[in-house]
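Enquirer: Sharing a structure with you now.
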Amino acid sequence: MLAGDIRNHAEAPRWAAGNFDSGMPVVYVPGNHEYNDAEFGAMEVAMQDASRSEDNVHFLNNTLLTRSRRPRRPARKSCSTIRG
């Protein structure tokens, strides 16, 4: 899990895909600096789109991600960006 302030704007998902093995899932939670000098809604969409274009990067912000390695004990993650 990468927890924010990785790169400005929508560069973080591409950075994550290029720096982690393609077989390793990466959960990316944006930090407040990713939104600097940008309109929040447009940047949110840009980061979602950038993450979707990478096979192993999952964008997580104000959503729930459920992964199950064991059917009776799924792992649930919920994260949000805090803006100051």
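Enquirer: When the stretch 19-38 is examined, which residues are found to be under 12 Å from Asp55 (Cβ atoms) and not polar (S, T, N, Q)?
Expert: Passing the criteria: Phe20, Asp21, Gly23, Met24, Pro25, Val26.
Enquirer: While we're on this one: Which count do you get for residues in the stretch 49-58 that are under 11 Å from Ala10 (Cα atoms) and either of a type in the set (A, V, I, L, M, F, W, C) or surrounded by fewer than 16 Cβ atoms within 10 Å (Cβ to Cβ) (or both)?
Expert: The number of residues fulfilling the criteria is 2.
Enquirer: Same structure, new question: So which residues in the stretch 1-12 are assigned to a helix (DSSP H, G or I) and charged (D, E, K, R)?
Expert: Glu11
Enquirer: Mind listing whichever residues of the stretch 13-40 are modelled with pLDDT under 90 and part of a helix (DSSP H, G or I)?
Expert: Asn32, His33, Glu34, Tyr35, Phe40, listed by residue number.
Enquirer: Of the conditions (1) surrounded by fewer than 16 Cβ atoms within 10 Å (Cβ to Cβ); (2) modelled with pLDDT of 90 or more, Met43 fails just one. Which one is it?
Expert: (1)
Enquirer: Same structure again: Considering only residues of the stretch 1-34 that are of a type in the set (Val, Ile, Thr) and in contact (Cβ under 8 Å) with a residue 40 or more places away in the chain, which is nearest to Asn61 (Cα to Cα)?
Expert: Taking the candidates together, the pick is Val29.
The values are calculated or read from the model by the stated rules, or taken from the named source; none is laboratory data. All of these numbers come straight from a predicted model, not from anything done at the bench. Using ideal geometry, Cβ is built from the backbone for each residue, glycine included, and neighbour counts are taken over all protein chains shown.
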